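The block underneath contains the structure these notes are about, expressed in structure tokens.
The values are calculated or read from the model by the stated rules, or taken from the named source; none is laboratory data. In this text, all values refer to a predicted model and were calculated from it rather than measured experimentally. All Cβ positions, even for glycine, are placed from backbone atoms using ideal geometry, and neighbour counts span all protein chains on display. Accessible surface areas use protein heavy atoms only, side chains included; no ligands, DNA or RNA. Shrake-Rupley method; radii C 1.70, N 1.55, O 1.52, S 1.80 Å.
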Amino acid sequence: MSETAPRGERINIGLFGRSNVGKSSLLNALCGQQVSIVDERSGTTTDAVSKIYELIPIGPVTFFDTAGLDDKGVLGEKRIEATKKILRKVDIAVVVTDETGIGKLETALIADLKRMNVPFVVVFNKSDKMAMTAAGFDFPSVSVSAKEGRNIDALKTALKDLVPDHVKNAPALIRDLLSPSDTVVCVTPIDTSAPKGRLILPQVQVIRDVLDARAFAYVVQDQNDCLKTLENMKTAPKLVVTDSQLVKQVAAALPSEVPLTTFSTLFARYKGDIDILYAGASVLKTLKKGDRVLIAEACSHHVQDDDIARVKMPALIRKNICDGVDFSWSAGIDFPDDLSEYSLVIHCGGCMLSRLETLRRLNECVRAGVPVTNFGIAISAVQGVLNRIVAPLGIKR
Ligand SMILES: Nc1nc2c(ncn2[C@@H]2O[C@H](COP(=O)(O)OP(=O)(O)OP(=O)(O)O)[C@@H](O)[C@H]2O)c(=O)[nH]1
Ligand code: SF4
Ligand SMILES: [Mg+2]
């Protein structure tokens, strides 16, 4: 990525701090326009304000201006809760304070951000009154005047430096695992759930990525066809990639030295964080009676008789691990506010989510201290083949 190249995905940047320190003024200074109302009275921003903006040198971002974290009264508590919800969703946080510096609230906020692993910068605003220096602090900071537009470029540079590597460098789908002329066998069952006359998009994307690597793709329907294909091949395949619903059968049919993975596992790495999802899957076998598991889907849809979230996944866990597990479900863009009551979150494959949106959801779980995995990885884990299917991706056990 060049210094000013626009990124494909929007980064969420939140401004947090006490009332009246100049959060809204700072947002306006960053965007060079009146986005948020500024007033000398405390508590001006009540509901969070979001602003989509092309921030040079980062690219597309969404800024969130929030209510002060010291807002008073019953409504104030609700606003603080809403601000904290945004805190769990941002990719980068800006902790705004003024000439009064770092007090109790900022210290607690910074501790929270460190614990949740959220990259942040502290902004000492109102430098036209008194310039603060961050000498002795162990965090990045910038002294600015939102009112006079002083040092705002330094803040933009600091924000750019905070963009996490995993956001900047998305992994490949499969091509990094291949050399030209390697062969990949894809197992794509054509059953009643397969769409008529075509393959599903994740399968097409994997095949395309194989071709982009100048490698060769064989496409077969099941483990028997896969074995026949292997027998006909002069050299062993570099990788066999199967649909998750056949992973147990394919793993049993193929010799153990044949590298095997699933479409879901490739996508878990491509779109999310395979290490987090793999670690989350290890919790499955420890589930016991009464443990609460949240099954989360990114969109709402009509529930079918063999619905994976409502029917198949709970049945798989009840049958193979423990039939006393207590399931809850969520669908849509929001997780429940309190994830702490769950022993595990099992998320859908997130086909409608971008990589950054997927990572944000995983991070929400990590920040709440709750293990998270996804449908595809969970199916392989419950079937006892997880270590085999992550091995070709170089996952450290
Ligand atoms: N001197 C000076 N005053 C500033 C600066 N930035 C903001 N202010 C003033 O501080 C007051 C509060 O600014 P806001 O931007 O509304 O502060 P806020 O943090 O959004 O406040 P809430 O929405 O109430 O939480 C206003 O009177 C601003 O004009 C600055 O850089 N210098
Ligand atoms: S798997 Fe895709 S379609 Fe299904 S709930 Fe998740 S994002 Fe939506
Ligand atoms: Mg405000």
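The sole residue among Leu344, Leu362, Leu356 that is buried (at least 18 other Cβ atoms within 10 Å of the Cβ) and away from ligand 2 (no atom under 16 Å from the Cβ) is Leu344. Checking each residue in region 27-78 for being within 16 Å of ligand 3 (Cβ to nearest atom), within 22 Å of Lys156 (Cβ to Cβ) and charged (D, E, K, R) picks out Lys51, Asp65. When every residue of region 255-264 is checked against the conditions, none turns out to be open to solvent by less than 30 Å² (accessible area, probe 1.4 Å) and either over 30 Å from Val240 (Cβ atoms) or within 16 Å of ligand 3 (Cβ to nearest atom) (or both).
Answer yes or no as to whether Ala217 is over 15 Å from Gly376 (Cα atoms) and in a strand (DSSP E or B). Criteria met by Ala217.
Of the residues Thr107, Thr97, the single one that is among the polar types (S, T, N, Q) and open to solvent by 50 Å² or more (accessible area, probe 1.4 Å) is Thr107. For region 130-142, check the following and say yes or no: at least one residue is crowded, with 17+ Cβ neighbours inside 10 Å and of a type in the set (S, T, N, Q). Yes, the conditions are met somewhere in region 130-142.
One residue is enough: does region 314-325 have a residue meeting the conditions buried (at least 19 other Cβ atoms within 10 Å of the Cβ), in contact (Cβ under 8 Å) with a residue 12 or more places away in the chain and part of a loop (DSSP other than H, G, I, E, B)? Yes, because at least one residue in region 314-325 is buried (at least 19 other Cβ atoms within 10 Å of the Cβ), in contact (Cβ under 8 Å) with a residue 12 or more places away in the chain and part of a loop (DSSP other than H, G, I, E, B). For Val96, the criteria (1) within 16 Å of ligand 3 (Cβ to nearest atom); (2) assigned to a loop (DSSP other than H, G, I, E, B); (3) under 22 Å from Gly32 (Cβ atoms) hold in every case but one, which is (2). Do we find a residue being out of contact with any helix residue (DSSP H, G or I) (no Cβ under 8 Å at 6 or more places or on another chain) and under 27 Å from Phe335 (Cα atoms) anywhere in region 88-105? Among the residues of region 88-105, at least one is out of contact with any helix residue (DSSP H, G or I) (no Cβ under 8 Å at 6 or more places or on another chain) and under 27 Å from Phe335 (Cα atoms), which makes the answer yes.
Yes or no, residue by residue, for (1) modelled with pLDDT of 95 or more; (2) among the hydrophobic types (A, V, I, L, M, F, W, C):
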site	(1), (2)
Val258	yes, yes
Lys289	yes, no
Arg292	yes, no
Asp334	no, no
